[in-house]
Every structure is written in C-alpha cells, then in structure tokens.
Amino acid sequence: MVRSIISVLLLCLLVQIAHAAQNSIDGVRISPSPDNTRVVFDMKSNPDFTYFTLKNPLRLVVDLQNTNKAFKLSSVENSGDLIKKLRYSTPKNKQAARIVVELNRKATPNLFAVAPAKSYGHRLVIDLTDSEPKRTNTSLASTRNSVVLDDKSSPRDSDIIVAVDAGHGGRDPGSIGPAGTFEKNITLSVAKKLQAMINAEPGMRAIMTRSEDYYISPNRRPEIAREKKADLLISIHADAFSQPQPRGGSVWVLSMRRADTELGRWLEKSERHAELLGGAAEVINDKSSERYLTETILGLSMDHSMATSHDLGNKVVEELKKVTSLHKRKPQAASLAVLTAPDIPSILVEVGFISNPQEEKNLNWSKHRERLASAVFTATKRYFKQMPPDGTLWAAEKANNRTHKVRSGESLSLLAQRYNVKVSSIKAANDLNSDVVRIGQVLTIPRT
C-alpha cells in the first residue's frame, strides 16, 4: 500500500516537472528589409526544433518540441510582403508545436537558436533570404572625383548626392541606453532630419541607405551609396560604453591599414575594375598593364576619398562642438565596414554616448537631434562650397565666380559696392559668419 502511494506521488511529481519544463513562445517579431526578412521567436527556454520546406504553396514548416501553442500568431505585426501568414498546424505529438510560415515567393531559410544576452532571453531566429530582393538597377559604373575619366554613357547628376546612413535597424537595435532607448531609433531620426536639410538646399540631394526600421548589413551600406552614385557617405551612430561616465560626440574615418586591405581586395576582383574605372575601363585594353594602371588609378581615388573624409571630418568636429561636448576633438581612424568604399568619401558620426544617462535624455529630445543634424549639414555644405564635385551645379557656379584678395582698408560693404553684389551674397559664397575680413584673404565674389 505504501509503495503504491509513493509510486502515485512520484508519477504526479514527474508529470508536474514535465509540465513545468515545457517551453513556450513569449513573443514574435518580423523584421523585413530589402534583401531578407527575419522572424524572431522569443522563447521561455532553449528551443528544440526541426524544419522543412514545402511547395505549391510555398511554406516553411518549423516543429518545436515540447512547446505549447498559447501564443497568438495572428497578432504578429508584419509590414513586409515576403511572408504571407504565420499559423499553427497539426504537430507531431500533443507536446509539440508546428508553425507554418506561408510565403508569397521563394526564399532560402536559415534557422538558428540564440542564447540569452543583455535584455533578451532564449530566441529562435529564422532568416529568409528573398529570391527577389528590392534593389535598384542603378549602374555601379562611375566614380566621383577628377582622378577617374568620365563615363560618357552615364552622365553625373547636377546635384551633389549625399548618402545618409542610419546605423543599425530592424533586428539590430544597436546600443541600448539606461532608460531603454534603442540606438537604431536615434540614428534614424537624426538621419531623416539631415536628409530633409540636404534636400532643402538647392544643388544638393540626399538618399537614405534605410528609411525605415529594417536591417542592412554594414558591408551592404557602402554598396547602396555606390549604386546611387553618391559623392559622400555619412553614417550616423550613437556611442556606448560599459560605464555611464563617457560622453560626447566624435567623427571616424577609415584607417590606412583597413584602406590598404580594401584596396587589395578590389584589385583582386577583376570583374569590378570597370565599376571603379568608369570610362577609363574602355581605354585600358592591354591586359598586361591593366593591373598596374588599375592599381594606380584606384590608389589615387582612395587617396582622394580619404583626404576628403579627413577634411570633412574636421569640419564636422568644428560644428559638433557648438551643440554638444566632444569625446574626441579630431577625426579618429578605425577599421569600420561602412567606411570601406574606395571611391566614395565616407565618415561615421557618433552623436553622443547613449550609455550616459544625461546624453540619452538629450538624444531623446527632438530639438537636440535637430541641432546635431544641422551641425553635420553645415559642415557638409561648407566642404562642398569649397570643393564641389566636377559636373555639379555648385561647380558651375564656382567657375563663374570671381576672386578678390583683400587689401588694407577694404571691407565687405566696400567690396559689395565695387562689384555690385550684396554683402550677404559674398558671405554666403565664402561661408562667412561675420562681416570681418583679414588682409590677404582671398574671397569668392559671386556674379549678379
């Protein structure tokens, strides 16, 4: 009798343990992007899963062992068009859950479990590589400086094109502030404000690497800038540290070591030479000398891009210090994938430390984000007014302008009368913030 009671108690205990150990789905997120779509299942414990695909109609079927079906899949928000529907189906057994991902077109699945990290618990991640990625068909043919010959089949835009890159996005939140602020949201807000300022300036135009909350790999971002034939890439980020004390903005450019590595990689890809050489590719017909000439031209192109990046970086630092504290007072060099376009000047701007409670609060203030965007815009405008790319509206305007070397006793008002132009026009053409000029200063005098 005692043995029977003990057996019953042990059986009940085992049932309770088995029930307690059953896994569950605590949340589901779908993050679409131009190239792929990621589905993340937040799990109570480490998922035990298998999967297979079906055709007619296209489906991905995922079996989760020892998992209940309490979570409502129909409540999951889906802003993309690759996934048609998430639903449950008949599982292998009563303790399992079978999830069906209905697809609108072919996609290559990649499934993996992720261990808990920071504020996230166990996760099952499904990456679906889209068979029809939403990419533009813009040619990669032309580079953006005087070193490379013009590609006559693809004339450049008269606007100066600035690629604005909002760091992180989608499944990658970036750094997370003490109050729970996601870096990806701050960077997108600053990037959109910068985009609006650029587009409001005649002769300039902004394109975004991402305009919504989706993931783009760091290596893909400079490719988008090249496809859009950008003259400059500006990547917006927010810094973070393990301690709350560090604060301030900074500007980063590509390190020489990484630049040399990228140069070598591009040279090894002979099929990409034409992308960088533009019209010069048609001139270089001698295969024996192609490597030497390509290396020379590409090296000069990268030198120009890096020099431009440093010059612009210094101007951004000058403007940033007017609106926020600085963590670094000069542009810093680093091996960053987003900066690796050899033919496009590129900078990465850290707008502050999101890990600092006060700066996190500042970054959540719309007016502060607008000031940060304005600082980057002002620096960019200053640079291109001095060095406009060939073939642009600003380059044509500069070619039509006159210059004047200031002599003793001369002032802006005197020069305005002499050349029959407005003082404000001279100040705008020379990026002057005051009416003060110095002897020997060379001023651009716009024509009426």
Stretch D390-L58 to full length: gain in nm at 0.36 nm per residue minus the Cα-Cα span?
114.5 nm
Over all pairs of different Cα atoms in region 401-445, the reciprocal of the mean inverse distance gives a Kirkwood radius in Å of 10.3 Å
Net charge over other residues, Cβ less than 9 angstrom from the Cβ of V125 (K, R count +1; D, E count -1)
+2
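Return L73, L412 ranked ascending by Cβ neighbour count within 10 Å, so the fewest neighbours appear first.
So the residues, fewest neighbours to most, are L73, L412.
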L58: net charge of surrounding residues, Cβ under 10 Å, Lys/Arg +1, Asp/Glu -1, itself excluded?
+4
Please order E318, E201 by the number of other Cβ within 10 Å, starting at the fewest.
E318, E201
In whole Å, largest first, what are the principal axis extents of the Cα atoms in region 22-130?
34, 34, 23
Can you tell me how much longer the chain between Q417 and E318 gets when fully stretched, taken as 0.36 nm per residue apart minus their C-alpha distance, in nm with one decimal?
32.4 nm
From fewest to most C-beta neighbours within 10 Å, the residues T90, T380 line up as T90, T380
12 Å reach of a label modelled at T129, 7 Å along Cα-to-Cβ, counting backbone N of region 99-118
107-111
Which value in nm describes the separation of the simple spin-label points at K328 and V442, placed 7 Å from the Cα toward the beta carbon?
3.2 nm
Separation in nanometres of the label points that stand 7 Å from Cα toward Cβ, at A113 and E223:
3.2 nm
Difference of contour (0.36 nm per residue) and Cα-Cα distance, Y120 to R29
31.5 nm
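Read-outs: derived from the displayed coordinates by stated rules, not from any lab. Values in this document were obtained by computation on a predicted structure and should not be read as measured data. As a convention, Cβ positions derive from the backbone with ideal geometry for all residues, glycine included, and neighbour counts pool all protein chains shown.
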